[in-house]
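Q: Quick one: the structure is below, questions incoming.
Just so it is clear, none of the values below were taken in a lab; they were calculated from the coordinates. These figures come from a predicted structure and were not determined experimentally. When we count neighbours, we look across all protein chains shown, and the Cβ atoms used for this are built from the backbone with ideal geometry, even at glycine.
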């Protein structure tokens, strides 16, 4: 390997700079690529953060408007149409809308948790799916629905509940293995 000598631009002295990265003729490109890759990664992370905050803001606006509409629907159903008397269809509609707002709030909390912890909480996502399928069951017209559709919904509910149970059971087992009940807590 040749022993390159060069001038130190800061101090103006001649040093052996053969071991300095980026000095060999082919190293300039690799150094520039590494620097660009780090800058591109930083730029992408900042862009991702901006997108998340825009999504959170839009989602919060949607949830707030949905909550306002739910309040209006309840007020109109209770006090305007027929004072303090709700029909079954009105009640089911209100419950369905209530669960829709609840799904929006849970999704918003999931996105915020992902931004803060960079982890998707699978239990919360499964709970949101269970709430969504419960909403569809509440709004289901059993007279006009095909029985195979009902069996499909039942299979989805069983699968989601089994998945949630297994996640909880696995999580509890991992907690016990990590922190056994007879373990001594350091003071």
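Q: Can you tell me how much longer the chain between residue 59 and residue 80 gets when fully stretched, taken as 0.36 nm per residue apart minus their C-alpha distance, in nm with one decimal?
A: Values: separation 21, 0.36 × 21 = 7.56 nm, distance 3.01 nm.
Length gained between residue 59 and residue 80: 4.6 nm.
Q: Highest first, please rank the peptides 89-96, 100-107 by the mean number of other Cβ atoms sitting within 10 Å of their residues. All intermediate terms of the calculation are to be shown ahead of the outcome.
A: Details: 89-96: 14.1, 100-107: 17.5.
My ranking of the peptides, most packed first, is 100-107, 89-96.
Q: Sorted by average packing, counted as other Cβ atoms within 10 angstrom per residue and highest first, what order do 51-60, 76-85 take? Present the calculation step by step, with values, prior to reporting the outcome.
A: Values: 51-60: 12.4, 76-85: 10.8.
Result, highest mean Cβ count within 10 Å first: 51-60, 76-85.
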